[in-house]
1. Can you tell me which residues in segment 55-88 are crowded, with 17+ Cβ neighbours inside 10 Å and at positive phi?
2. Can you give me the number of residues within segment 193-203 that are in contact (Cβ under 8 Å) with a residue 24 or more places away in the chain and surrounded by fewer than 22 Cβ atoms within 10 Å (Cβ to Cβ)?
3. Just checking, which of Lys243, Lys298, Lys268, Lys233 is basic (Lys, Arg), in contact (Cβ under 8 Å) with a residue 12 or more places away in the chain and assigned to a loop (DSSP other than H, G, I, E, B)?
4. Does Val172 qualify as being β-branched (Val, Ile, Thr), modelled with pLDDT under 90 and surrounded by fewer than 19 Cβ atoms within 10 Å (Cβ to Cβ)?
5. Just to verify a result, which residue in segment 100-114, among those that are in contact with a helix residue (DSSP H, G or I) (Cβ under 7 Å, 6 or more places away or on another chain) and touching a residue at least 24 places away in the same chain (Cβ under 8 Å), is surrounded by the fewest Cβ atoms within 10 Å (Cβ to Cβ)?
6. Collect the residues in segment 277-295 that are without any contact (Cβ under 8 Å) to a residue 60 or more places away in the chain, out of contact with any Pro (no Cβ under 8 Å at 6 or more places or on another chain) and hydrophobic (A, V, I, L, M, F, W, C), keeping them in residue-number order.
7. Can you spot a residue in segment 85-94 that is touching a residue at least 24 places away in the same chain (Cβ under 8 Å), under 18 Å from Ala170 (Cβ atoms), in a helix (DSSP H, G or I) and not small (Gly, Ala, Ser)?
8. Can you tell which of Gly121, Gly180, Gly176, Gly77 is in a helix (DSSP H, G or I) and in contact with a Pro (Cβ under 9 Å, 6 or more places away or on another chain)?
Amino acid sequence: MVGYRKDDTLSPNQKLIAGVVSGIVTRFATQPLDVLKVRTQLQKKVRKGKQRNVFETTKKIFFEEGITAFWHGHNLGQMHSILSTSSQFYVYEVTTKYVFSSSVNPKYKSILEFMCGICAGSCSATLVTPLEVIRVRQMLIKEQYRGFLNGAKSVYKTGGLLAFYEGWVAGVLMLGPQSGITFSVFSFLQPIFLNYLYSCDGSCTHPKVNAHKPEHLLFATTAAGSIAGFVAKILTYPLDLAKRRLQIGSHKSDTKYYTPTTSRNLVKCTKLLQCIKETFRGEGFWGLYRGLSVTIYKASMSNIVTFTTYELLCYFIRQMEDK
């Protein structure tokens, strides 16, 4: 299971490897949804005429830029996933181990797990923000920000060193609580699902970590991961929207490069509170949730793939060690 357990046989380094692999698999599977999400979040509200929906945006990207456009920024996305996922899992494992190795009142367990999740998310946000800034711009106009070094050079050229941390405050404020909520909800639900499935088999009432069947682990992890992702994303979404709009704050389109239709007339912000305030004023309350449908689908899919891959890898590593 995710988090420190006294009866677990895996080391933090083994769990780090599982976290890295789960991040790679998750990014590849969800990259097209990420491109759709970013372009939807950054669209200006159409005052006259019909707002472009997700299906129309998908069709526009496909016919105008080709299917490969859905994987723009994928290489940096993989680097982002490896750093983000592995750092979150690693910090969460280390902090929960430290907390629960000491004498802690059981009634504070849920609060402490939430705080450990916040710590993991905050560390991750600080680590990956520069990569995220370049990647978001690659998803919009790949030619202008092509490659890591050229992308970094273009970001620096338009905004200086501080441009690499545009949206950092929103990222920390979002990812900290989001990770805390995700890990807490997942850690709460997964054992409930596992124990229920285990009891349905008529087996012992207190199964060990290695005793869970792979199919039970798969179902419980999928269900808990999906619910955890949904809850966390709903509660933190306005910050996610603001973060994206802040991350292109210093972006300036270069006329030397072609700008796709879905990457024109973007909403850009420079200050977090001002961004939320102007979005609310210009687009209404639901403007803070622009692109929510594709984001929820992506968040649920990401958590399903991440937690399932992570748990199954941990399971197979334990099985290999037991032989």
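The values are calculated or read from the model by the stated rules, or taken from the named source; none is laboratory data. The model shown is predicted, which means the values in this text are computed figures rather than measured ones. Note: ideal-geometry Cβ built from the backbone for every residue, glycine included; neighbour counts use all protein chains shown.
1. Of everything in segment 55-88, just one residue is crowded, with 17+ Cβ neighbours inside 10 Å and at positive phi, namely Gly73.
2. Restricting attention to segment 193-203, the residues satisfying the condition of being in contact (Cβ under 8 Å) with a residue 24 or more places away in the chain are 193-194.
Those left that are additionally surrounded by fewer than 22 Cβ atoms within 10 Å (Cβ to Cβ): 193.
Going through segment 193-203 one residue at a time, the tally reaches 1.
3. Working: Lys243 fails: assigned to a loop (DSSP other than H, G, I, E, B); Lys298 fails: assigned to a loop (DSSP other than H, G, I, E, B); Lys233 fails: assigned to a loop (DSSP other than H, G, I, E, B).
Going through Lys243, Lys298, Lys268, Lys233 in turn, the sole match is Lys268.
4. Values: β-branched (Val, Ile, Thr): yes; modelled with pLDDT under 90: yes; surrounded by fewer than 19 Cβ atoms within 10 Å (Cβ to Cβ): no.
No: the conditions fail for Val172.
5. Residues of segment 100-114 that are in contact with a helix residue (DSSP H, G or I) (Cβ under 7 Å, 6 or more places away or on another chain), as a first pass: 104, 110, 112-114.
Among the residues that remain, those that are also touching a residue at least 24 places away in the same chain (Cβ under 8 Å) are: 110, 113-114.
Details: Ser110: 12, Glu113: 25, Phe114: 18.
Selected residue: Ser110.
6. The answer is Phe280, Phe285, Trp286, Leu292.
7. Within segment 85-94, the subset touching a residue at least 24 places away in the same chain (Cβ under 8 Å) is 85-94.
If we keep only those that are under 18 Å from Ala170 (Cβ atoms) too, we end up with 88.
This time we only want the ones that are in a helix (DSSP H, G or I), so: 88.
Within this subset, residues satisfying the condition of being not small (Gly, Ala, Ser) are 88.
Checked against the condition, which is being touching a residue at least 24 places away in the same chain (Cβ under 8 Å), under 18 Å from Ala170 (Cβ atoms), in a helix (DSSP H, G or I) and not small (Gly, Ala, Ser), segment 85-94 yields at least one hit.
8. Numbers: Gly180 fails: in contact with a Pro (Cβ under 9 Å, 6 or more places away or on another chain); Gly176 fails: in contact with a Pro (Cβ under 9 Å, 6 or more places away or on another chain); Gly77 fails: in contact with a Pro (Cβ under 9 Å, 6 or more places away or on another chain).
Answer to the check: Gly121.
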